[in-house]
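S.K.: Handing you a structure now.
The values are calculated or read from the model by the stated rules, or taken from the named source; none is laboratory data. All figures in this text were calculated on a predicted structure; none of them were measured in a lab. We place every Cβ from the backbone using ideal geometry, glycine too, and count neighbours over all the protein chains shown.
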Amino acid sequence: MRRDVNDIQIKEPPLQELNKKRSCLKRSCATGCGCIALFLIAVFLFLRFAAAPRPKELATVPGHFPKSITLYDTDAIHRISFISGEQKSRWTEIAGYVPKAILSPLILSLERQSQGSAQTTASAFTWEAFIDLMKKPLTDTRHTLQIEWTDLPAQPKFIENYYKNELKKNNFDILQSTEGDTIRQFLFTNTTTSIDGVLYMSDTPDKDGTDYVSLNVNYPQ
């Protein structure tokens, strides 16, 4: 017996089923995002604490310290702290390759999907950019040397002028300079030699001399 077309009813999925599927999708997305966030936090904490380089105290200024920076009163140096460029980059680079390795399958998958299409050239460019990113260091690979003085007889202004004059003689640019009642500091850089640093001084105004001087220099290996 032929059924009347009007008797046929198309039933839509129950509203509860649709809401359930949407809820499951939202939970899946939230779980995935939460895992990624936890991973990124873990990597950040590792970089911040486990991979933090530890300075090494030296008895004398190392021979590879830039000759273009003339030190004031080397006989009165209180402490020399050194962090090698290799030490700064080693653990940071190891940790950085973890997220890079996780992202690489995604890049390869996108490249395979676009093969044979008009996007092949763009995909190849993306892959080349990714390879370049893998080769680039994640941190500053220069050496860092900190030299400290305490209870110097010279006044802060004299020490500041000494370093500024000597640095300018060797083509350094003086960038930011800060002067207060108890603190003086300025930044210096030489873009040609990739050397930069900061001179910091703290002093009690009602006392003669300078209480504390710190010279931090970053320079290539």
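S.K.: Filtering the stretch 165-178 down to residues that are free of Cβ contacts under 8 Å to residues at least 24 places away in the same chain and surrounded by 13 or more Cβ atoms within 10 Å (Cβ to Cβ), which residue is nearest to S194 (Cα to Cα)?
M.R.: Selected residue: I174.
S.K.: Oh, and also: Given the residues T150, T204, T191, which is the only one that is within 25 Å of R79 (Cβ to Cβ) and either at pLDDT below 95 or within 20 Å of the chain's Cα centre (by Cα) (or both)?
M.R.: Result: T204 is the single residue among T150, T204, T191 that is within 25 Å of R79 (Cβ to Cβ) and either at pLDDT below 95 or within 20 Å of the chain's Cα centre (by Cα) (or both).
S.K.: In the stretch 121-143, is there at least one residue being of a type in the set (A, V, I, L, M), part of a helix (DSSP H, G or I), at pLDDT below 95 and over 21 Å from the mean Cα position of the chain (by Cα)?
M.R.: Yes, the stretch 121-143 contains a residue that is of a type in the set (A, V, I, L, M), part of a helix (DSSP H, G or I), at pLDDT below 95 and over 21 Å from the mean Cα position of the chain (by Cα).
S.K.: Hey, another quick one. Restricting to strands (runs of 3 or more DSSP E) lying wholly in the stretch 169-211: which have 1 or more residues that are within 20 Å of I69 (Cβ to Cβ) and among the acidic types (D, E)? So that I can check it myself, show each step before the final result.
M.R.: Working: elements: 173-179, 183-190, 195-202.
By residue number, 173-179, 195-202.
S.K.: Same structure again: Taking only pairs six or more apart or across chains, which ones have beta-carbon atoms under 9 Å, a first residue in the stretch 203-221 that is in contact (Cβ under 8 Å) with a residue 40 or more places away in the chain and under 24 Å from F172 (Cα atoms), and a second residue that is assigned to a loop (DSSP other than H, G, I, E, B) and β-branched (V, I, T)?
M.R.: Taking only residues 6 or more apart or on different chains, the pairs are L215/I69; V217/I69; Y219/I69; Y219/T193; P220/T141; P220/T193; Q221/T141.
S.K.: Tell me whether the stretch 92-99 contains one or more residues that are modelled with pLDDT of 60 or more, more than 22 Å from Y162 (Cα to Cα) and not in a loop (DSSP other than H, G, I, E, B).
M.R.: No: the stretch 92-99 contains no residue that is modelled with pLDDT of 60 or more, more than 22 Å from Y162 (Cα to Cα) and not in a loop (DSSP other than H, G, I, E, B).
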